[in-house]
Amino acid sequence: MAKHTVTLIPGDGIGPEIVAAMCRVVEATGVDIEWEVADAGAHLMDEHGTPLPDYVIESIKKNKVAIKGPVTTPVGTGFRSVNVALRKALDLYTNLRPSFSIEGTGARYSDVDLVLVRENTEDLYAGIEFEEGSAEAAELIKFCEEKGAGTIRLDSGISLKPISVTGSQRIVRWAFEYALKNNRKKVTAVHKANILKHSDGLFLREAREVAKEYEGRIEFEDRIVDACCMGLVLNPANFDVLVLPNLYGDIVSDLCAGLIGGLGIAPGANIGAECAVFEPVHGSAPIHAGKNKANPTAEILSAILMLRHIGEDEAADRILAAIRAVLGEGTHVTYDIKRTLTGSIDGAVGTAEYADAIIAKL
Ligand code: NAD
């Protein structure tokens, strides 16, 4: 059996607990993985002067594969998101977020099987912002006024929304290639092109162009983001592969997590041409940190994506079957699932005990 070295980023908040649970489950399959721990987050600021030390990027570049727990981003102040910085530094332009129903979660739907492909490097997440009251913001406001582009109030903060031909083509092509390889039938491009003609309009135009290359093989349609949200809630089974610019992808993927029973069971992957970083959709849930309470399923499902990525499909299949068995029985579930099922958290098990139940089913 091949030996794999994988960079492991425990993160903060509930990160270390769910990552420990994930590691135990993966190791219990017998796959030969060496974890190279390279942590990131606010707790590294004192020692390294940054929440994302260079060794994290170096380790991922060397190993090509990483799995991480969530990392907190202070709101409004402090450092920019470690998660966004990592995606940019490694050009992890695809954010893959599958949503599929698992029996026993108490979710509203039982027939969800869709895959959300989010562009990960552009759009309002490009990090190009001008603070309210700054000289730069004033200059930009003046420029827009002089060019007849429009009037912006002087007391405005400004965030730019760049969407490129290059970025749009490569993410839409990635979505179509994924659809082909994974036996999917349809790709839906999601946008607000009716209002944002030069950013989302460009995204839609490029999506239509790329779709022509797959005509006859993969069906293509487009939806305006608000209508798409309603369609997802009305009948998620109508959707197959969705491809979205960054911000809509972030928001709609949480909506999709809600369709299948919540953030505790929504996995993800950030994928570039060279490297891939696997992580759950959810954040660090600081209110639950250190309580052995959080649901590690999303982290473990992210490990399943990672195992498939490194060719360990058999281990991935076994873990998924074990998760389905444990959730199906419903006796060893974490507080979030218990609450959805019964309206109370009485009888819920902890993060570690849930992992034990999965290991017992492997
Ligand atoms: P969050 O996803 O951390 O949590 C929102 C709520 O969802 C929690 O309070 C909890 O009730 C529930 N939840 C989330 N994960 C759960 C789990 N595994 N088990 C059970 N319940 C779970 O969202 P937030 O509170 O908006 O963000 C907290 C921090 O995480 C912020 O600093 C944010 O920037 C960061 N964040 C990081 C990532 C990442 O590392 N990739 C992603 C999203 C948010």
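Among the residues of the stretch 60-103, those identified as basic (Lys, Arg) and at pLDDT below 95 are 80, 87, 88.
Yes/no per residue for (1) under 21 Å from the mean Cα position of the chain (by Cα); (2) more than 13 Å from the ligand (Cβ to nearest atom); (3) more than 14 Å from residue 22 (Cβ to Cβ); (4) assigned to a helix (DSSP H, G or I):
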residue	(1), (2), (3), (4)
293	no, no, yes, no
300	yes, no, no, yes
304	yes, yes, no, yes
323	yes, yes, no, yes
336	yes, no, yes, yes
341	no, yes, yes, yes
345	no, no, yes, no
352	no, yes, no, yes
358	no, yes, no, yes
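The requirement of being closer than 29 Å to residue 19 by Cβ and of a type in the set (Gly, Ala, Ser) is not satisfied by residue 156. In the set (1) out of contact with any strand residue (DSSP E or B) (no Cβ under 9 Å at 6 or more places or on another chain); (2) surrounded by 13 or more Cβ atoms within 10 Å (Cβ to Cβ), the condition left unmet by residue 178 is number (1).
Per this entry, residue 95 is not counted among residues that are of a type in the set (S, T, N, Q) and more than 15 Å from the ligand (Cβ to nearest atom). Where residues in the stretch 98-128 are within 14 Å of the chain's Cα centre (by Cα) and charged (D, E, K, R), which of them is farthest from the ligand (Cβ to nearest atom)? Selected residue: 119.
Would you pick out the residues in the stretch 266-285 that are of a type in the set (D, E, K, R) and either touching a Cys at 6+ places or on another chain (Cβ under 9 Å) or within 11 Å of the ligand (Cβ to nearest atom) (or both)? Hit for the stretch 266-285 is 279, nothing else. When residues in the stretch 71-123 are screened for being assigned to a strand (DSSP E or B) and crowded, with 19+ Cβ neighbours inside 10 Å, 12 of them pass. Evaluate the stretch 79-89: report whether one residue or more is away from the ligand (no atom under 12 Å from the Cβ), of a type outside the set (Phe, Trp, Tyr) and closer than 29 Å to residue 176 by Cα. Yes: the stretch 79-89 contains one or more residues that are away from the ligand (no atom under 12 Å from the Cβ), of a type outside the set (Phe, Trp, Tyr) and closer than 29 Å to residue 176 by Cα.
Among the residues of this structure, residue 210 counts as one that is away from the ligand (no atom under 14 Å from the Cβ), of a type in the set (Val, Ile, Thr), assigned to a helix (DSSP H, G or I) and farther than 23 Å from residue 108 by Cα.
The values are calculated or read from the model by the stated rules, or taken from the named source; none is laboratory data. Worth saying up front: this structure is predicted, and the values here are computed from it rather than measured. Every residue, glycine among them, receives a Cβ derived from its backbone with ideal geometry; neighbour counts consider all protein chains shown.
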